[in-house]
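Chemist: Pasting in a structure now, in structure tokens, and then I'll have a few things to ask.
Derivation of every value follows stated rules applied to the coordinates shown; laboratory data play no part. Note that the structure is a prediction, hence the values are computed from the model and not measured. Neighbour counts are summed over all protein chains in view; Cβ atoms, including those assigned to glycine, are modelled from backbone coordinates with ideal geometry.
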Amino acid sequence: MASSRSRDRRSSLEVAIVGGGIIGVMTALGLLHRGIKVVVYERASSWREIGAGFAFTAVARECMQRLDPGILEILSRISQKTDSEASTSYWNGFHPRTKQDAEDESQSLLFQMPGNKLAFWGCVRSHFLLEMAALLPDGVARFGKRLISYDDDNENDKVVLHFGDGSTAEAHAVIGCDGIHSTTRKVLLGANHPATCTSYTHTVAYRTMVPINAGIAALGKSKAMSACMHCGPNVNIMSYPVMNGTLLNVAVFAHEPLEFPDTETMTTPATRGELEQVMIGWGPHMVDIAKLFPENMVKWGIFDMYQDPAPTYARGRVCIAGDAAHASSPFQGVGACIGVEDALVLCHVLDAVQARNDGELSSQQGQTAAAISQALQAYSQERIERSQWVVRSSREIGRMYQWRYGPTGRDAKRSNLKLERASQKIWDYDVAGMITRVTTAAV
């Protein structure tokens, strides 16, 4: 249990986390590990996460270890790990006319990126969430709690949260991990602020996971057992093995010029036939991948905060993190990783507030409120540049994969250089230095 691993303190800050997704639960575990009281308020009736795959970099895993070693232990146990000698391969998926040509590196390979730098570990989102949630002590998670608003009045000892069922709750600090449609962000920035709404990238995603043998039959063993990106006009296809190599996670991203029909759920019904129409003219291996998708499915509209980034991630005793703060398109593959970094920063700045009070909250509530506000501002200032760069970079890389980024998209050498530079900025992050900076700024 997380509570048995946390430090024993006589008194504790009380933190409310709005949203029980990956970043919300991870942040809760990190705070509990530091002896800080947490309640997670989730709008759904139970733990819920899509069954798609995603992956974490070495930097994100270092953050997990520092948050709570139990988090990294879970990921290590359930993930497909990048081999130290492996590379992510980027292929021309459009022009090959035979499967033999598609697997011929001399004809179809655009470039390779060494995998040992980012060192991705892939897993299934729902599996990871449920395993982490099992570490939470009883009573930490409250379901059916849809945030409507909050009151952050410095005259009150705590922030008051108001939920759709008419109930209220109080906490010294509030962290909004409520995703791309974040209510916390809307209240924090103001209902009419442009950053309360995300922007449509004019890209949709079709996702599935298939048995690894089916992936091998379509792509060949070498491609199916490693991370691959297939590029071409207006479409790119990402695939990599998960669940210890038993499943192949596949995502097809397609450019669509029209507006997305449902900006609230960001999903709409789709069929395999529709996807097969998207893949007309592509190589036979890509056509076979499309045939592995279910007959009826949903497609996701890809939205992000590229057009209207949030000017701040914190006001008063409330902040936003993860997709609520900097929703990104998935093309750089590190959106969740940046959220893990957010979680670690928040745990350190709030731990610094509590440590300064030597485990006893100030008897003067204004002092505690001011300390929390300063800590959350330190978090915002540390995170905003890096996270918003990821949003911008991911948009550009997506256009590059779909050959819509000027001459770079179709130029393998220029594409390789752009991706190499972006990846280096991700893996060259000094986690220890970050902790020193924010801890100093927080107090």
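Chemist: Long-range amide H contacts for S87: which residues qualify at under 5 Å (H placed 1.01 Å from N, peptide plane, sequence gap of 5 or more or a different chain)?
Modeler: For S87, the qualifying residues are G115.
Chemist: Using +1 at the C-beta of Lys and Arg and -1 at the C-beta of Asp and Glu, which of S329, W282, V345 has the Cα lying farthest in the positive direction of the dipole of the stretch 249-379?
Modeler: The Cα lying farthest towards the positive end belongs to V345.
Chemist: When a footprinting reagent is the concern and you count Cβ atoms within 10 Å, what order do F111, F253 take, fewest first?
Modeler: By the 10 Å Cβ count, ascending, the order reads F111, F253.
Chemist: What ranking do V15, V287, V391 get, fewest neighbouring Cβ atoms within 10 angstrom at the top?
Modeler: On the way: V15 25, V287 14, V391 20.
Exposure proxy ranking, most exposed first: V287, V391, V15.
Chemist: Using only the alpha-carbon atoms, how far is helix 22-33 inclined from the longest principal axis of the chain? Give it as 0 to 90 degrees, nearest 10.
Modeler: Taking Cα atoms only, the helix is inclined about 40 degrees.
Chemist: Through the Karplus equation 6.51 cos²θ - 1.76 cosθ + 1.60, θ set to phi - 60°, convert the phi angles of the stretch 128-133 into ³J(HN,Hα) values in whole Hz; use x for Gly and Pro.
Modeler: 5, 4, 5, 5, 5, 4
Chemist: Separation between the E276 and R356 pseudo-spin-labels, each 7 Å from Cα along Cα→Cβ, expressed in nm?
Modeler: Spacing of the two 7 Å Cα→Cβ label points: 6.3 nm.
Chemist: Could you put D153, D430 in order, starting from the residue whose Cβ has the fewest other Cβ atoms within 10 Å?
Modeler: So the ranking, lowest neighbour count to highest, is D430, D153.
Chemist: Can you give the angle from 0 to 90° between the axis of helix 69-78 and the longest principal axis of the chain, with both taken from C-alpha atoms, to the nearest 10?
Modeler: Computed tilt is about 20 degrees.
Chemist: Does anything in the stretch 377-394 have its amide N under 15 Å from the 7 Å Cα→Cβ label point of R437, and if so which residues?
Modeler: 377-390
Chemist: Please report the spacing between the Cα centers of the stretch 158-198 and the stretch 375-443 in Å, no decimals.
Modeler: 27 Å
Chemist: For K223, list the lysines whose Cα falls under 29 Å from its own Cα; do not include residues on the same chain fewer than 8 positions away.
Modeler: Partners found: K81, K99, K117, K291, K299, K413, K418, K425.
Chemist: Okay, next question. Treating only the Cβ of Lys, Arg, Asp and Glu as charged (+1, +1, -1, -1), what charge dipole size does the stretch 47-183 show about its Cα centre? Round to the nearest 20 debye.
Modeler: Dipole of the stretch 47-183, to the nearest 20 debye: 440 debye.
Chemist: Same structure, new question: For a label point 7 Å from the Cα of D308 along Cα→C-beta, name the residues of the stretch 172-201 whose backbone N is under 12 Å from it.
Modeler: Residues 186, 189-200 fall inside that zone.
Chemist: Using +1 at the Cβ of each Lys and Arg and -1 at the Cβ of each Asp and Glu in the stretch 75-220, identify which of Y150, T201, A191 lies farthest towards the dipole's positive end.
Modeler: Going by the charge dipole, the pick is T201.
Chemist: A follow-up question, please. With labels modelled as points extended 7 Å from the Cα through the Cβ direction, what inter-label distance (nm, one decimal) is found for R404 paired with M113?
Modeler: The modelled label-to-label distance comes out at 1.9 nm.
Chemist: How much length is gained if the chain between E105 and D430 is pulled fully straight, taking 0.36 nm per residue apart and subtracting their Cα-Cα distance, in nm to one decimal?
Modeler: 113.4 nm
Chemist: Multiply the residue gap between T168 and N192 by 0.36 nm, knock off their C-alpha separation, and tell me the result in nm, one decimal place. Please list the in-between numbers first.
Modeler: Working: separation 24, 0.36 × 24 = 8.64 nm, distance 2.45 nm.
My answer for the length gained is 6.2 nm.
Chemist: Taking the Cα centre of the chain as origin, work out the dipole magnitude from +1 charges on Lys and Arg Cβ and -1 charges on Asp and Glu Cβ, in debye rounded to 20.
Modeler: 600 debye
Chemist: Ok, one more. Roughly how tilted is helix 335-356, in degrees to the nearest 10 and between 0 and 90, from the longest Cα axis of the chain?
Modeler: Orientation of helix 335-356: about 20 degrees from the principal axis.
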